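Structure, as structure tokens:
The values are calculated or read from the model by the stated rules, or taken from the named source; none is laboratory data. Computed from a prediction, not measured in an experiment: that's the story for all the values here. Positions of Cβ are generated from backbone atoms using ideal geometry, with glycine treated the same way; all protein chains shown enter the neighbour counts. Please note that ligands, DNA and RNA were not included when accessible areas were found on the heavy atoms of the full protein model with its side chains. Shrake-Rupley method; radii C 1.70, N 1.55, O 1.52, S 1.80 Å.
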Amino acid sequence: MLITLDQGSFLSALQAAQRASSTQSTLPILSGIKIQAEKDGDLEIYGTDLEISVKSKCPARVEKPGSTVLPGRLLVDIVKHMPPGAIEIKTEEKANNIEIKSEKSSFKIKGMQPEDFPAFPDVEAKQKITVDVRQLTDMLKGTAKAISKDETRPVLTGALLQEEDKSLLMVATDSYRLAVKTVPMRTKKTENTSLLIPQRAIEEIQKLLINESGKIDITSDENLMAIKTANIELISRLIEGQFPKYKQLVPKETTTSAEVNKDELIAAVKRVALMAQKNMSIKVSTDSSSINIVATTQGVGEASERVKAKITGEKMGEIAFNAQFLIDGLQAISEEKALFEFTGPVNPGLIKSIKKKDYLYLLMPIRIS
Amino acid sequence: MKDSSLWEQIKGHDKTVNLLRGVIDKKRLTHAYLFCGPRGVGKAKTAATFAAAINCDQACGTCVSCRGIQNLTHPDFHYISPEGTQTILLSQVTDLIKKIHLTKQNNGYRVIIIDDAHKMLPVAANALLKVLEEPPERVVFILVASDMNNVLSTISSRCQRVNFSALKVEVVRDILINDLKISKDKADLAVMLSGGMVGEAMEIASSGLLKVRKTMVDAIVAEKPDTARSVELASLLVAAAKKRTAKIKKDQEIEVKEAMSFVEGSRGAATIKRNLETRHHRERARVEHRCYQQALVLVASIYRDLLVLKENADEKFIANVDLSFELKSAKIERAQLTSALANIDEAKQRIEQNVNPLLAFENLFFTLEAVV
Ligand SMILES: [Zn+2]
């Protein structure tokens, strides 16, 4: 192999692939990155931990095609510290010795057999969801925090992406809270695709989309999902099993409804939470014109705040929530105002967006001891 | 039919291999198998071949799937063996279960090998049991066990049992000489001493223990006890074990070095190194321990040979054929021989209880010489 490429674009392509490679496996090859240069083509860069796989591309002048597997972290470090400009990568014919050269510096590293590197998975595009990148980013942001970390219930360790009539939903729950983000779709689908995407992939897709815009396709078959930008393709396994029927958990009616400025409420909760016990529990109640938040720590003191709100329905007594969970829900609202609803002290609280009606966050109360 | 297949490399289990190949040919896979039989006869190797055949009918050994199974990078293949000192931990099983709950990557089967399944901690076995009770579709478990007493009956009852018997002497001999390129003389002795276990025979052949036999026989048949000789013998046996572990340590150091050059600087590097080193340490301890047991088998073999000669049985029944001349010169009574065997058994137990091996051997040889 003999190729020349640009340091900057090589580095970003490398970093994308390296994020997929394994940091835990005792199999060295899984912490490696495979690079493959075809005649008259871009350089293809692969990383995988066997759960997700990434293939990225980088323009290159290929003089002699070839491929090799290199230590991922080391390669990233080397390229990161090279000056901007051209980089040359050369392999010796037989021994898998690779030389990486910039104008001033040169590194020799040992590669592994590319044949031993896991094959990049094939996804048959049996289903396809096309979505606006910004909307997808909002969906991921609004639900990612509610994904469960409890591995004894595998179906909750990911987010559900679901087509439903003329909308696309993303749902996640850790059984303390449930987050549902909806975006409208222009066309009605005949077949409603439903993908249960593992947390790891959710995280990586978020990173992948940072500098993207426009529309993006998510394709899938029974086993895998794929998402592809101009230069990067990410493939992930899905979670097996049935996501819980969450709709029946959402109360149809509530007894108290408070319309409140989202940022004001977040700020107030953050301040009060400083005085909360270790379990981050704060108490919420309403009077005729405001939401009141109180936190007490035994033997230390108490903090309270009053946030102006438009209250309809019954007066709400005290209900306790985890402050961080409450903040997570409020932060996912993209509008200025949010609706905070209650049905007595033992039923879940509900946070909703008002205008677009595109977000719903159900929060279980903490039992007040 | 001429085919190149991983099956061809399995020796001495024709019936079992035919049964398993039949399962593949007739596509009659069940979701769980339990391979059981003596240690070191090739159960794990057969399991890996069966795993390859499940996704590649011929178990060709060269396609992407077969190679992935051999070097553990097949996306839908998982291999577990004891990671605890002598146990399969709960965390290993929960990690496996987590993987099983993700979709497969390919359209074939997901195959899971649990090697030394009898070493699963009860909590780990119970976690696995839940999966075996409600097996996911297109998943095949292969449990490999050499001690059925330690496999939960609730687990074994959910698996189809595949029995392996000890290998015939000729098969072990063939493997040692033709596959492992061990010299004929050494191979014959090792086979006699190993009781049909290829792994064991291989270790004996390469252990340096065989060289100590002459000194041992001289000591045993000598008419006067000699403390210095006993001490020397004991240190020779311990040295043989240490030499083996030193050699293993060298390979292990290379393995660590290679792995580290690949993961250096990455987040999990320290963990990988620690895990690798713990595993290596355990491996060395295991090998050293086994060396001592083999040394005792060797000592016992000499006394057994002497008993055989006492009964005027055919010389071909003795293990240490090359030393038959010396053995015949021995003037030891039958009763003394049997009591010596009992002493050896005692030493074996002491070493199992982690008594300092050098002391245990010295003690043994003092007693043995005193017997005469
Ligand atoms: Zn094959």
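Rounded to two decimals, what is the ratio between the C-alpha radius of gyration of the range A:2-116 and 2.2 N^0.38 Å? Let's see the in-between values first.
Numbers: Rg = 12.9 Å, N = 115, 2.2 N^0.38 = 13.4 Å.
Relative to the rule-of-thumb radius for its length, the range A:2-116 sits at 0.97.
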Using only Cα positions of the protein assembly as shown, each an equal point scatterer, no hydration layer, compute I(q)/I(0) via Debye at q = 0.08, 0.10, 0.11 Å⁻¹ and quote the log10 values to two decimals.
-0.84, -1.11, -1.23
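Once Rh is set to the Kirkwood radius over Cα pairs, what Stokes-Einstein translational diffusion coefficient, in µm²/s, holds for the range A:230-327 at a temperature of 37 °C and a viscosity of 0.692 mPa s?
On the way: Rh = 16.0 Å.
Estimated diffusion coefficient is 205 µm²/s.
If you average the sequence gap of Cα pairs under 8 Å that are 6 or more apart and divide by the length of chain B, what percent do you get for the contact order? Walk me through the intermediate numbers first.
Numbers: 465 pairs, mean separation 58.3, N = 372.
16 percent.
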Where in the range A:212-243 does accessible area fall by at least 50 Å² between the isolated chain and the complete protein assembly, at a 1.4 Å probe radius?
A:N223, A:R237, A:E240
log10 of Debye I(q)/I(0), alpha-carbon scatterers only, for chain B at 0.11 Å⁻¹
-0.90
Counting heavy atoms of the protein chains only and a 1.4 Å probe, report the per residue accessible area for the protein assembly as shown as a whole number of Å².
49
proj_area_mean for chain A (convex hull on C-alpha atoms), units nm², value 22.4
Which is farthest toward the positive dipole end of the protein assembly as shown among A:T229, A:M185, B:V140, measuring Cα position about the Cα centre, with Cβ charges +1 (Lys, Arg) and -1 (Asp, Glu)?
A:M185
Which whole-angstrom value gives the distance between the alpha carbon centres of the range A:82-120 and the range B:175-198?
45
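For peptide B:94-103, what's the mean number of Cβ atoms from other chains within 10 Å of each residue's Cβ?
Numbers: counts 2, 2, 0, 3, 7, 3, 2, 13, 16, 15.
Per residue, the average neighbour count from other chains is 6.
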Work through the residues other than A:T219 whose Cβ is under 9 Å from its Cβ and net out their charges, Lys, Arg +1 and Asp, Glu -1.
0
Mind checking the angle between helix A:199-209 and chain A's longest principal axis? C-alpha axes, 0 to 90 degrees, to the nearest 10.
70
Shielding of A:67-76 by partners, i.e. mean partner chain Cβ atoms within 10 Å per residue?
3
Shape verdict for the range B:1-82, please, from the Cα gyration tensor: rounded (a/c under 1.5), prolate (a/b greater than b/c) or oblate.
rounded
Buried area at the B-A interface (accessible, heavy atoms, 1.4 Å probe, summed, Å²):
2700
Average other protein chain Cβ within 10 Å of Cβ, residues A:121-128:
1
Only Cα pairs within less than 10 Å get springs; with that Gaussian network setup on chain B, which residue of B:G208, B:G37, B:G22 has the largest fluctuation?
B:G22
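Over 32 Å between Cα atoms, which of B:K184/B:K249; A:K128/A:K355; A:K245/B:K27; B:K186/B:K250; B:K168/B:K348; A:K308/A:K357 qualify?
Working: B:K184/B:K249 28 Å; A:K128/A:K355 29 Å; A:K245/B:K27 37 Å; B:K186/B:K250 24 Å; B:K168/B:K348 26 Å; A:K308/A:K357 22 Å.
Exceeds cut-off: A:K245/B:K27.
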Which number comes out as Rg/Rh for the range B:155-282 once both Rg and the Kirkwood Rh are worked out on C-alpha atoms?
1.13
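Heavy atoms only, 1.4 Å probe, whole protein assembly: order A:M112, A:M185 by accessible area, highest first. Display every interim value, and only then the final one.
On the way: A:M112 60, A:M185 35 Å².
Putting A:M112, A:M185 in descending order of accessible area: A:M112, A:M185.
If you place +1 on the Cβ of every Lys and Arg and -1 on the Cβ of every Asp and Glu, how big does the dipole about the Cα centre of the protein assembly as shown come out, in debye to the nearest 20? Provide the component values of the computation, followed by the final result.
Numbers: 104 positive and 94 negative charges, 170 e Å.
The dipole magnitude comes to about 820 debye.
Can you tally the net charge around B:H280? Count Lys and Arg as +1, Asp and Glu as -1, for every other residue whose Cβ sits under 15 Å from the Cβ of B:H280.
Working: positive: B:R244, B:K247, B:K249, B:K250, B:K257, B:K273, B:R274, B:R279, B:R282, B:R284, B:R286; negative: B:E83, B:D251, B:E253, B:E255, B:E258, B:E277, B:E283, B:E288.
Every neighbour counted, the sum reads +3.
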For the range B:60-68, take each phi angle, set θ = phi - 60°, evaluate the Karplus expression 6.51 cos²θ - 1.76 cosθ + 1.60, and give the result in whole Hz per residue in order, putting x for glycine and proline.
5, x, 10, 6, 4, 5, 4, 5, x
Nonlocal amide H pairs with A:E63, under 5 Å, H built at 1.01 Å:
A:L2, A:I3, A:T4
What is the distance in Å between the Cα centres of the range A:223-272 and the range A:330-369?
12
Measure out, as a whole number of angstrom, how far apart the alpha-carbon centroids of the range A:134-152 and the range A:21-68 sit.
28
Charge dipole magnitude, Cβ of K and R +1, D and E -1 - the range B:208-371, Cα centre, debye nearest 20
640
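Ignoring any ligand, DNA or RNA, what whole percent of the accessible area of the protein assembly as shown comes from carbon and sulfur when the probe is 1.4 angstrom?
Values: 18360 of 36360 Å².
For the protein assembly as shown, the apolar C and S fraction of the accessible surface comes to 51 percent.
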Roughly how tilted is helix A:262-273, in degrees to the nearest 10 and between 0 and 90, from the longest Cα axis of chain A?
80
Candidate residues B:D226, B:D185: accessible-area rank, largest first, probe 1.4 Å:
B:D185, B:D226
